[in-house]
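Please read the structure below before turning to the comments.
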Protein chains: 2
Amino acid sequence: MQNAPLSRSEQLLFLTDEQLRQGIEMMFFAYRGFTAYPDKILETYGYGRAHHRAIHFVGRKPGLTVNTLLDILGVTKQSLNRVLRQLVNDGLIDSRVGTKDRRQRNLYLTESGLALEKELSDAQRQRMRKAYAAAGPNAVQGFRTVLAAMIEPEVSTLVRDLLRGAET
Amino acid sequence: MQNAPLSRSEQLLFLTDEQLRQGIEMMFFAYRGFTAYPDKILETYGYGRAHHRAIHFVGRKPGLTVNTLLDILGVTKQSLNRVLRQLVNDGLIDSRVGTKDRRQRNLYLTESGLALEKELSDAQRQRMRKAYAAAGPNAVQGFRTVLAAMIEPEVSTLVRDLLRGAET
DNA sequence: TTGGAAAGTCAACAAGGCTGACATAAACTG
DNA sequence: CAGTTTATGTCAGCCTTGTTGACTTTCCAA
């Protein structure tokens, strides 16, 4: 099994298939570890990762519309709606008719929604903080640079703005 | 909403909640983008991500036992068995009775299994290669350091060895 | 005023997790 | 050798979360 000839930038990076494979596997294990603890918290509430994602992004951009959330999450409206309905019924998310465009629904976290959001994001931030602290500032910079390059290709402008922390 | 006082290493890193949050979201989008193309390939074969994982790790450690694979994947044997049965029936994986311990099954990719494994990992390596090339060597080193720190906490020795590229 | 976008709903289905129960063969142990 | 443990496989049933398709209601905008 021969590797293909290396391009110039690959030569500079010494990117062997072995190293790439290791990166791939690390992504798998890191992502799993990364979601493990929030998953456990959610379970006690009878929720899943889909609920977490909805809560997270509603907390991130209070007042966002359902369509915006659909764009961010990349799932079907039926799929999102099921989760959203639960969260609204359970009083974690407030769905208000839009003032400018009354077809739209603007989504907000209620007080208890905020509480759960905080519990989940505290857990995840703590893990991230520990990894960052163990790896050091330079590594963190590199980590972010690679992730950004990995995300770049096909993500919507909306998501790009979200990651940049832009106001909408 | 005040941030908790920063520890010494956090002060050195300037780890604001905002930056951590950004890291968290990047993990989400990066992982999604990372699995998107393999998912599309798998769909044409009628397989899912679970099949991909099985094929990947069998390709990675030819002859591994079912128990080892269970440890790596962290799912139940029933869940794995469903997927494995399909792959064996479809002739992508060969399940051979162990020679030392005849209770065990040693798993190998067949020729067509190897072909699919290559197709999938080529796709993923290409994405990883592009991100690495765009980010540069220093960033790559940092990326790996942070991911390693993120994985560290609770992973089994087996997985740690796997990532180190150890022979078993 | 009418066409179409935004949102919601119902139904049906599939993948892939899970638990529990049980079967079999092989290995180990007293 | 008998009994227990281990490795694996399998059946049944459940849950979450994704999918498509069809349809309704609301309501903005041309």
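Brief remarks on what is shown
- Residue among B:GLY98, A:GLN124, B:GLN78 farthest towards the positive dipole end of the protein assembly as shown, charges placed on Cβ: B:GLN78
- Put simply, the Cα atoms of the protein assembly as shown extend 68, 42, 34 Å along their principal axes, the longest span coming first.
- Semi-axes of the equivalent ellipsoid for segment A:16-164, Cα gyration tensor, largest first, Å: 30, 19, 14
- Stretch gain in nm, segment A:ASN67-A:SER156, where the contour uses 0.36 nm per residue and the Cα spacing is subtracted: 30.7 nm
- From phi via Karplus (6.51, -1.76, 1.60), per-residue ³J(HN,Hα) for segment B:98-110 in Hz, x at Gly/Pro: x, 8, 6, 10, 6, 6, 7, 10, 9, 9, 9, 7, 7
- Other copies of A:TYR45: label-to-label distances in nm, shortest first, labels 7 Å along the beta-carbon direction: 3.8
- Interchain or long-range residues, amide H under 5 Å from A:GLN104's placed H: A:GLY98
- Loop-resident sites, segment A:79-168, for GluC sites (Glu not before Pro), counting at most 16 other Cβ within 10 Å (DSSP): A:GLU167
- In this structure, the amide hydrogen of B:ASP94, modeled 1.01 Å from its nitrogen in the peptide plane, lies closer than 5 angstrom to those of B:TYR108, B:LEU109, B:THR110, counting only residues at least 5 positions away or on a different chain.
- Unit charges on C-beta of K, R, D, E only; dipole of the protein assembly as shown, Debye: 360 debye
- Among A:PHE57, A:ALA149, A:GLY23 - extreme Cα towards positive end, dipole of segment A:16-164, charges at beta-carbon: A:PHE57
- Where chain A is rotated onto chain B, the residue of A whose Cβ comes nearest the axis, and that gap in whole Å, is A:GLY142, 1.
- Over chain B, dividing the summed -39,500 (n - 2.57) contributions of all DSSP H runs of at least 4 residues by the number of residues returns a 222 nm mean residue ellipticity of -22500 deg cm²/dmol.
- Dipole magnitude of chain A about its Cα centre (Cβ charges: Lys, Arg +1; Asp, Glu -1), debye to nearest 20: 440 debye
- Heavy-atom accessible surface of chain B: percent carbon and sulfur, 1.4 Å: 50 percent
- Most fluctuating residue given options A:SER95, A:SER121, A:SER156, as computed from a GNM of chain A linking Cα atoms under 10 Å: A:SER156
- Most mobile of B:ASN67, B:ASN81, B:ASN138 in a GNM of chain B (Cα contacts under 10 Å): B:ASN138
- Structure remark: mean-square fluctuation, Gaussian network model of chain B, C-alpha springs under 10 Å; the largest value among B:ASP17, B:ASP122, B:ASP71 belongs to B:ASP17.
- Straight Cα distances below 18 angstrom link A:LYS118 to the aspartates and glutamates A:ASP39, A:GLU43, A:ASP90, A:ASP94, B:ASP17, B:GLU18, B:GLU25, with same-chain residues fewer than 8 positions distant left out.
- For chain A: relative contact order, % (alpha-carbon pairs under 8 angstrom, 6 or more apart): 21 percent
The values are calculated or read from the model by the stated rules, or taken from the named source; none is laboratory data. All values reported here derive from a predicted model rather than from experimental measurement. Methodologically, a virtual Cβ is constructed for each residue, glycine included, from the backbone with ideal geometry; neighbour enumeration extends over all protein chains shown. The area values use the complete protein model at the heavy-atom level, side chains included, leaving out ligands, DNA and RNA. Shrake-Rupley method; radii C 1.70, N 1.55, O 1.52, S 1.80 Å.
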